[in-house]
Amino acid sequence: MKTFTVVIALVFMILCFPNYSAAEQKEKTKMKEESTTMEKSKASDWRHFKKPDDATLRKMLTPLQYKVTQKEGTEPPFQNEYDHNKREGIYVDIVSGEPLFSSKDKFDSGTGWPSFTKPLASENVVTREDRGIFTVRTEVRSKHGDSHLGHVFPDGPTPTRQRYCMNSAAMRFIPKEDLEKEGYGEYKKLFQTK
């Protein structure tokens, strides 16, 4: 009787675990497809973007991206993805996909964070007073995603004298050669030589 029970248990395990793995793999594939669809839809739908709930944001963002964009955090200087990025392209909100800054307006501020003289699309960037750390600063947020991006300071280069000091974790970089396929074809003209 004991042997019969063990055999039944083994048969059950052999029959169920492959199905469990297949079901698990199917769920992972579905989640990946949804994530890819979400990424692609960001570009085309950022104008009609509706911010997801907190649980969804936690799933779609890395812990650092979540901390920066949702909790007004700051990433470490000199140890972030775009501080030294010299490629041509645009930077978009990691949450909503709305266009924020162009590499044409990026400069090395020496602060350890990517800095820009002006927004690519000023209508996608909002500012507000930030009294967070013993001083008054001007916080920069994305309009549609309401993501914390960084701060703007009046110590930048000419002609604007502005330094939009941004967190890499709040943005995604789209290289100029990928603008069309990512849904940002209208910005290709910025990088065409005359």
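Could you look through region 76-110, keep only residues that are of a type in the set (S, T, Y) and part of a loop (DSSP other than H, G, I, E, B), and pick out the one that is surrounded by the fewest Cβ atoms within 10 Å (Cβ to Cβ)?
Here is the first cut: in region 76-110, the residues of a type in the set (S, T, Y) are 82, 91, 96, 102-103, 109.
Then drop every residue that is not part of a loop (DSSP other than H, G, I, E, B), which leaves 82, 96, 109.
On the way: Y82: 21, S96: 25, S109: 19.
In this case the residue turns out to be S109.
With more than 16 Å from N80 (Cα to Cα), of a type in the set (V, I, T) and touching a Cys at 6+ places or on another chain (Cβ under 8 Å) as the only criterion, which of V152, V95, V140, V125 stands out?
None of the others qualify; the one that does is V152.
So which of T56, T37 is modelled with pLDDT of 95 or more and either assigned by TED's automatic domain parsing to the domain that holds G183 or exposed (fewer than 12 other Cβ atoms within 10 Å of the Cβ) (or both)? Reasoning before the result, please.
On the way: T37 fails: modelled with pLDDT of 95 or more.
When all the criteria are applied, what remains is T56.
Which ranges mark the strands (runs of 3 or more DSSP E) fully within region 141-194 that have 3 or more residues being on the phi < 0 side of the Ramachandran plot and among the hydrophobic types (A, V, I, L, M, F, W, C)? Even if it seems obvious, please write down each step before you answer.
On the way: elements: 148-153, 163-166, 171-175.
In region 141-194, 148-153, 171-175 are the strands (runs of 3 or more DSSP E) which contain 3 or more residues that are on the phi < 0 side of the Ramachandran plot and among the hydrophobic types (A, V, I, L, M, F, W, C).
Within region 173-188, how many residues are surrounded by 12 or more Cβ atoms within 10 Å (Cβ to Cβ) and over 19 Å from K106 (Cβ atoms)? Give the derivation first.
Pass one, region 173-188, residues surrounded by 12 or more Cβ atoms within 10 Å (Cβ to Cβ): 173-180, 182-184, 187-188.
Still in the list and also over 19 Å from K106 (Cβ atoms): 180, 183.
Total satisfying the criteria: 2.
In region 111-130, which residues are farther than 24 Å from K188 by Cα and in a loop (DSSP other than H, G, I, E, B)?
T111, G112, W113
In region 94-129, which residues are of a type in the set (S, T, Y) and at pLDDT below 95? Write out each step before concluding.
Start the filter on region 94-129 by keeping residues that are of a type in the set (S, T, Y), which leaves 96, 102-103, 109, 111, 115, 117, 122, 127.
The one that is of a type in the set (S, T, Y) and at pLDDT below 95: S122.
What are the pairs, 6+ residues apart or on separate chains, where a residue within region 48-76 that is of a type in the set (G, A, S) has its Cβ under 6 Å from a residue that is at pLDDT 95 or above?
Partner pairs satisfying both residue conditions: G73/K67.
Does any residue in region 119-146 that is free of Cβ contacts under 8 Å to residues at least 12 places away in the same chain come within less than 8 Å, Cβ to Cβ, of a residue that is not in a strand (DSSP E or B) six or more places away or on a different chain, and which pairs are these?
Every condition considered, the pairs that remain are E129/V136.
What is the one condition in (1) touching a Gly at 6+ places or on another chain (Cβ under 9 Å); (2) free of Cβ contacts under 8 Å to residues at least 40 places away in the same chain that D93 does not satisfy?
Condition (2) is where D93 drops out.
The values are calculated or read from the model by the stated rules, or taken from the named source; none is laboratory data. Please read all numbers here as calculations on a predicted model, not as lab measurements. Quick reminder, even Gly has a Cβ in these numbers, built from the backbone with ideal geometry, and neighbours come from all protein chains shown.
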